[in-house]
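Enquirer: Got a structure here, written out as structure tokens. Questions coming.
The values are calculated or read from the model by the stated rules, or taken from the named source; none is laboratory data. Being a predicted model, the structure only gives us computed values, none of them experimental. Here Cβ is always computed from backbone atoms with ideal geometry, including for glycine, and neighbour counts include all displayed protein chains.
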């Protein structure tokens with residue numbers, strides 16, 4: 001048994017995917033992995049904060065919360081309880097581009113997931129009292145995650161300054177006043193417009209067999225009509241900034257200074273995406289890479305220093321660098337060290353070894369993700385959202401083909417002074 | 001020379017023949033060996049993916065520290081990665097980063113772990129570095145200063161997080177001078193006192209094969225693992241008698257700690273509340289009754305009473321949970337919740353009412369059944385990935401749950417009765433004697 005598997009799957013970064021489509025437009029992807037009797041059900045809706053109407057920021061996320069509040073068939077607030085009774089867990093998350101709901105459940109209970117998800121795609125209750133209670137919950141979530149976390153609050157402000165007027169400038173959770181203004185009718189309208197089989201896809205992974213499961217999917221989802229035409233935001237092309245800007249946050253809660261700089265950057269599958277991905281890895285893919293090595297280890301002026309690039313977005317978004325200033329050190333020195341690193345890689349291509357390291361990390365990351373049928377489905381879904389799950393292999397191919405000169409060129413093109421928005425977090429209480 | 005050769009031959013013989021006791025478990029085909037040096041090795045073969053995860057557990061934690069050197073166990077573990085006799089700190093990170101693997105150390109209230117994950121093709125590199133950092137750490141003064149400065153900065157940054165402050169102050173009050181009352185990192189003052197000598201001594205005393213458990217999971221055959229252990233860990237020897245596992249201070253009951261309620265002023269929009277008291281040890285025979293009771297109270301996410309009432313019905317929080325930290329010694333029972341400052345009093349009152357209710361009324365038949373269904377049904381998810389399996393098995397061995405634990409787990413849960421749960425609630429909950437820490441804005445707090 002083991003020997004056969006070894007021959008069939010030598011170091012493959014992607015698992016086999018089997019796909020189906022219902023007449024109403026719902027696509028279903030299967031990724032089988034029978035090592036343990038657990039199944040994952042994920043449903044991905046093509047709706048996120050990018051789709052929100054002005055003045056209603058946070059409505060995608062608000063609706064995600066409401067999706068757990070019940071349907072006439074299953075009753076009020078029972079979804080999670082029913083899943084947990086079977087030994088499963090469920091949750092969901094909302095992003096700028098999509099909203100994803102999932103259950104991890106013993107495979108003999110997968111029928112429940114299918115029935116629940118099909119029912120709440122169409123028959124959500126949205127009771128006014130539940131909307132009000134959930135508004136309170138979401139406001140507490142915003143207080144916890146943003147209002148009382150100075151670094152995240154700074155990033156929220158910097159991203160807003162850099163992205164405006166594109167809808168990505170709004171935080172996914174929404175601004176407090178706008179969360180307050182979302183009505184039950186707003187939610188119902190949004191639900192009607194975006195929650196339909198032709199605007200979603202399903203991924204089943206783990207201990208699942210398509211031949212057994214497809215009839216159940218057809219039975220539960222098959223009769224749900226497509227919503228048809230919906231207004232979709234036209235895709236934006238890359239808007240590079242034409243002037244540096246800065247944001248300063250003076251914070252009572254902050255204890256250490258920090259600096260974050262973001263640069264507007266293209267998203268997958270733009271050709272520069274691969275080089276930017278490698279660039280972020282060369283700058284901050286572990287303690288041996290440039291930012292940690294220089295700012296934290298050698299200069300000892302920061303307690304952390306990182307680069308992030310989330311390339312899987314519908315529209316162009318951001319490439320970010322950040323660092324927390326070590327106690328007693330100068331924020332200007334830290335900012336200069338970051339810009340020095342940018343200048344360095346823009347003027348001189350990385351070494352062959354650095355490039356190889358970044359590629360190795362990407363390849364290994366894909367293989368490690370396969371150890372969890374949830375992560376495997378997650379990766380697959382992210383690429384499906386970005387244009388098709390097969391792009392996952394193209395992605396690795398793209399990463400492998402990046403040259404050292406392309407990495408430098410990407411830094412020169414995007415990490416420029418004019419394209420930069422910088423945020424400073426300054427504690428109000430002077431540090432000792 | 002002659003002697004040395006003999007030892008090696010003997011070691012291999014022992015490895016391969018003597019103490020191998022394979023047995024089959026329902027979910028995992030694991031093999032447990034005890035090596036000549038006293039190291040316990042547990043091996044699970046999984047060949048579907050070309051990856052290997054290994055976790056080495058060392059029975060060393062703040063339990064073995066002196067209070068005025070709090071953070072020694074943590075610093076020892078972190079410094080393993082900061083240089084050896086033949087590798088600089090930067091060599092270690094570069095070699096691991098280059099193969100896209102991970103090598104991490106971590107310390108909790110009871111033990112230290114060193115965790116390695118690598119692709120199969122890099123297993124030699126992985127074991128080579130693992131063995132090097134374990135056996136030959138340099139604990140150099142220069143790296144120690146660097147590490148202390150970084151940790152001090154990190155602890156300062158943590159002061160920004162109201163949840164961290166609430167948790168830290170709560171633990172202090174529940175346990176007093178006992179090590180469970182401290183953060184494993186130590187604090188700024190205790191860290192400053194740690195010297196290279198302290199680390200060398202702590203490492204020498206506690207990092208011994210007869211004080212450790214190694215679990216290896218993944219694409220590795222039995223002979224391959226034996227070969228790796230022979231090559232990389234055969235020279236790991238214990239010298240002298242294993243020290244008795246001292247406990248730094250006698251476990252103190254939280255009963256005498258005053259005041260019971262502490263309010264810490266901070267300019268935040270939410271009150272962060274921690275409440276609870278001392279709890280149970282992992283070896284407590286009532287452990288499973290307590291698990292079920294806690295699932296119903298606040299451990300069961302959306303299925304728990306606290307979430308249903310305080311989040312679901314009242315919309316007063318994003319998250320509320322209760323947990324029993326069942327450690328080697330009785331750990332803490334805690335409830336954590338955040339709510340806007342103005343609602344802190346209502347949330348505390350309602351939470352205490354729910355503790356009273358479960359203590360006096362117990363759980364319903366339906367709640368009992370739901371909790372059991374979840375605890376049994378969710379078990380396989382705890383051992384899904386190689387890393388999870390390695391973590392699970394090291395803890396299973398450390399807490400002496402028995403080699404047949406995985407098979408028996410279901411029965412442990414199913415045999416708990418409603419009466420057991422009521423009895424456990426009565427015995428281990430006390431809403432009238434809670435320690436409550438609130439970090440909030442005093443001007444806005446309503447308590």
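Enquirer: For the structure I just gave you, tell me whether residue B:118 is modelled with pLDDT of 95 or more, at the interface with chain A (Cβ under 9 Å from one of its Cβ atoms) and in a strand (DSSP E or B).
Expert: On the way: modelled with pLDDT of 95 or more: yes; at the interface with chain A (Cβ under 9 Å from one of its Cβ atoms): yes; in a strand (DSSP E or B): yes.
It is true that residue B:118 is modelled with pLDDT of 95 or more, at the interface with chain A (Cβ under 9 Å from one of its Cβ atoms) and in a strand (DSSP E or B).
Enquirer: Kindly indicate whether residue A:358 is under 15 Å from residue A:277 (Cα atoms), within 14 Å of another protein chain (Cβ to nearest Cβ), modelled with pLDDT of 95 or more and in contact with a helix residue (DSSP H, G or I) (Cβ under 9 Å, 6 or more places away or on another chain).
Expert: On the way: under 15 Å from residue A:277 (Cα atoms): yes; within 14 Å of another protein chain (Cβ to nearest Cβ): yes; modelled with pLDDT of 95 or more: yes; in contact with a helix residue (DSSP H, G or I) (Cβ under 9 Å, 6 or more places away or on another chain): yes.
Here the answer is yes, as residue A:358 does meet what is asked.
Enquirer: Among the residues of the stretch B:180-196, count how many are assigned to a helix (DSSP H, G or I) and either in contact (Cβ under 8 Å) with a residue 40 or more places away in the chain or in contact with a strand residue (DSSP E or B) (Cβ under 7 Å, 6 or more places away or on another chain) (or both).
Expert: Step one: of the stretch B:180-196, the residues assigned to a helix (DSSP H, G or I) are B:180-181, B:188-192, B:196.
If we keep only those that are either in contact (Cβ under 8 Å) with a residue 40 or more places away in the chain or in contact with a strand residue (DSSP E or B) (Cβ under 7 Å, 6 or more places away or on another chain) (or both) as well, we get B:180, B:190-192, B:196.
Result for the stretch B:180-196: 5.
Enquirer: Of the conditions (1) within 14 Å of chain A (Cβ to nearest Cβ); (2) buried (at least 20 other Cβ atoms within 10 Å of the Cβ); (3) not in a strand (DSSP E or B), residue B:337 clears all except one; give me its number.
Expert: Of (1) within 14 Å of chain A (Cβ to nearest Cβ); (2) buried (at least 20 other Cβ atoms within 10 Å of the Cβ); (3) not in a strand (DSSP E or B), only one is false for residue B:337: (3).
Enquirer: Here is a further query. Looking only at the stretch B:297-319, which residues are more than 10 Å from chain A (Cβ to nearest Cβ) and surrounded by fewer than 24 Cβ atoms within 10 Å (Cβ to Cβ)?
Expert: Within the stretch B:297-319, B:299, B:305, B:309 meet the criteria.
Enquirer: In the set A:174, A:228, A:189, A:206, which member is under 19 Å from residue A:46 (Cα atoms) and in contact with a helix residue (DSSP H, G or I) (Cβ under 7 Å, 6 or more places away or on another chain)?
Expert: Sole residue among the options that is under 19 Å from residue A:46 (Cα atoms) and in contact with a helix residue (DSSP H, G or I) (Cβ under 7 Å, 6 or more places away or on another chain): A:174.
Enquirer: Go through (1) at pLDDT 95 or above; (2) in contact with a strand residue (DSSP E or B) (Cβ under 6 Å, 6 or more places away or on another chain) and name the single condition residue B:434 misses.
Expert: (1)
Enquirer: For the stretch B:100-115, how many residues are within 11 Å of chain A (Cβ to nearest Cβ) and either in contact (Cβ under 8 Å) with a residue 40 or more places away in the chain or more than 24 Å from the chain's Cα centre (by Cα) (or both)?
Expert: Residues flagged as within 11 Å of chain A (Cβ to nearest Cβ) and either in contact (Cβ under 8 Å) with a residue 40 or more places away in the chain or more than 24 Å from the chain's Cα centre (by Cα) (or both) within the stretch B:100-115 amount to 1.
Enquirer: Turning to a different aspect of this structure: Can you confirm whether residue B:446 is in a loop (DSSP other than H, G, I, E, B) and exposed (fewer than 15 other Cβ atoms within 10 Å of the Cβ)? Steps first, please.
Expert: Values: in a loop (DSSP other than H, G, I, E, B): yes; exposed (fewer than 15 other Cβ atoms within 10 Å of the Cβ): yes.
Considered against the rule, which asks whether it is in a loop (DSSP other than H, G, I, E, B) and exposed (fewer than 15 other Cβ atoms within 10 Å of the Cβ), residue B:446 comes out as yes.
Enquirer: I need the full set of residues from the stretch A:254-285 which are part of a loop (DSSP other than H, G, I, E, B) and either within 26 Å of residue B:94 (Cβ to Cβ) or within 10 Å of chain B (Cβ to nearest Cβ) (or both), in order please. Outline the logic, then answer.
Expert: Initially, the stretch A:254-285 is screened for residues part of a loop (DSSP other than H, G, I, E, B), giving A:254-257, A:266-271, A:285.
Hits for the stretch A:254-285 are A:254, A:255, A:256, A:285.
Enquirer: So, one more: Hey, any hits in the stretch A:129-147 for a residue that's within 13 Å of chain B (Cβ to nearest Cβ) and outside any helix (DSSP H, G or I)? Can you show your working first?
Expert: Applying the first criterion (within 13 Å of chain B (Cβ to nearest Cβ)) to the stretch A:129-147 yields A:129-147.
Narrowing further to those that are outside any helix (DSSP H, G or I): none.
So far as the stretch A:129-147 goes, no, none of its residues is within 13 Å of chain B (Cβ to nearest Cβ) and outside any helix (DSSP H, G or I).
Enquirer: I would also like to ask the following. Being more than 14 Å from chain B (Cβ to nearest Cβ) and surrounded by fewer than 19 Cβ atoms within 10 Å (Cβ to Cβ) narrows it down to one of A:341, A:310, so name that one.
Expert: Numbers: A:341 fails: surrounded by fewer than 19 Cβ atoms within 10 Å (Cβ to Cβ).
Going through A:341, A:310 in turn, the sole match is A:310.
Enquirer: Go through the stretch A:364-432 and tell me which helices (runs of 4 or more DSSP H), entirely inside it, have 1 or more residues that are without any contact (Cβ under 8 Å) to a residue 12 or more places away in the chain.
Expert: Values: elements: A:373-385, A:391-400, A:404-414.
Where helices (runs of 4 or more DSSP H) fall fully within the stretch A:364-432 and carry at least 1 residues being without any contact (Cβ under 8 Å) to a residue 12 or more places away in the chain, they are A:373-385, A:391-400.
Enquirer: Considering only residues that are within 14 Å of chain A (Cβ to nearest Cβ) and more than 23 Å from the chain's Cα centre (by Cα), look in the stretch B:127-149 and name the one that is surrounded by the most Cβ atoms within 10 Å (Cβ to Cβ).
Expert: B:129
Enquirer: Tell me, please, whether a residue that is closer than 21 Å to residue B:63 by Cα, more than 14 Å from chain A (Cβ to nearest Cβ) and surrounded by fewer than 19 Cβ atoms within 10 Å (Cβ to Cβ) can be found in the stretch B:208-228.
Expert: There is at least one residue in the stretch B:208-228 that is closer than 21 Å to residue B:63 by Cα, more than 14 Å from chain A (Cβ to nearest Cβ) and surrounded by fewer than 19 Cβ atoms within 10 Å (Cβ to Cβ).
Enquirer: Exactly one condition in (1) farther than 20 Å from residue A:247 by Cβ; (2) in contact with a helix residue (DSSP H, G or I) (Cβ under 9 Å, 6 or more places away or on another chain) is false for residue A:367; which is it?
Expert: Of the numbered conditions (1) farther than 20 Å from residue A:247 by Cβ; (2) in contact with a helix residue (DSSP H, G or I) (Cβ under 9 Å, 6 or more places away or on another chain), the odd one out for residue A:367 is (2).
Enquirer: In the same structural domain as residue B:284 (by TED's automatic domain parsing) and modelled with pLDDT under 95, is that true of residue B:400? Walk me through how you get there before you give the answer.
Expert: Details: in the same structural domain as residue B:284 (by TED's automatic domain parsing): yes; modelled with pLDDT under 95: no.
Here the answer is no, as residue B:400 does not meet what is asked.
Enquirer: Starting from the stretch A:171-184, take each residue that is free of Cβ contacts under 8 Å to residues at least 60 places away in the same chain and list its partners that are surrounded by fewer than 21 Cβ atoms within 10 Å (Cβ to Cβ) and in a loop (DSSP other than H, G, I, E, B), counting only C-beta distances under 9 angstrom and pairs at least six apart or across chains.
Expert: So the pair list comes out as A:184/A:126; A:184/A:127.
Enquirer: Sort out for me the helices (runs of 4 or more DSSP H) sitting completely within the stretch B:349-425 that have 3 or more residues that are over 27 Å from the mean Cα position of the chain (by Cα). Lay out the reasoning, then the answer.
Expert: On the way: elements: B:365-377, B:386-398, B:405-414.
Fully inside the stretch B:349-425 and qualifying: B:365-377.
Enquirer: Further question on the same structure: List the strands (runs of 3 or more DSSP E) that sit entirely inside the stretch B:30-99 and contain at least 1 residues that are in contact with a strand residue (DSSP E or B) (Cβ under 9 Å, 6 or more places away or on another chain) and within 12 Å of chain A (Cβ to nearest Cβ).
Expert: Values: elements: B:30-34, B:40-45, B:51-58.
In the stretch B:30-99, B:40-45, B:51-58 are the strands (runs of 3 or more DSSP E) which contain 1 or more residues that are in contact with a strand residue (DSSP E or B) (Cβ under 9 Å, 6 or more places away or on another chain) and within 12 Å of chain A (Cβ to nearest Cβ).
Enquirer: For the stretch A:72-110, how many residues are farther than 23 Å from residue A:382 by Cβ, buried (at least 19 other Cβ atoms within 10 Å of the Cβ) and more than 10 Å from chain B (Cβ to nearest Cβ)?
Expert: 0
Quick grid of which residues meet (1) part of a helix (DSSP H, G or I); (2) over 23 Å from residue A:120 (Cβ atoms):
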position	(1), (2)
A:174	no, no
A:180	yes, yes
A:186	yes, no
A:208	no, no
A:211	yes, yes
A:227	no, no
A:234	no, yes
A:242	no, yes
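Enquirer: Of everything in the stretch A:208-261, what is under 26 Å from the mean Cα position of the chain (by Cα) and buried (at least 16 other Cβ atoms within 10 Å of the Cβ)? Give them in sequence order.
Expert: A:208, A:227, A:241, A:247, A:249, A:258, A:259, A:260, A:261
Enquirer: Return the total of residues in the stretch B:157-179 being free of Cβ contacts under 8 Å to residues at least 12 places away in the same chain and either touching a strand residue (DSSP E or B) at 6+ places or on another chain (Cβ under 9 Å) or part of a helix (DSSP H, G or I) (or both).
Expert: Of the residues in the stretch B:157-179, 6 are free of Cβ contacts under 8 Å to residues at least 12 places away in the same chain and either touching a strand residue (DSSP E or B) at 6+ places or on another chain (Cβ under 9 Å) or part of a helix (DSSP H, G or I) (or both).
Enquirer: Would you confirm whether any residue within the stretch B:171-187 is buried (at least 20 other Cβ atoms within 10 Å of the Cβ), more than 19 Å from the chain's Cα centre (by Cα) and away from chain A (no Cβ under 14 Å)?
Expert: yes
Enquirer: Shifting gears a bit: Mind checking whether some residue in the stretch B:386-394 is touching a residue at least 60 places away in the same chain (Cβ under 8 Å) and surrounded by fewer than 20 Cβ atoms within 10 Å (Cβ to Cβ)?
Expert: no
Enquirer: Which one is nearest to residue A:354 (Cα to Cα), of the residues in the stretch A:286-306 that are surrounded by 21 or more Cβ atoms within 10 Å (Cβ to Cβ) and facing chain B (nearest Cβ under 9 Å)?
Expert: A:289
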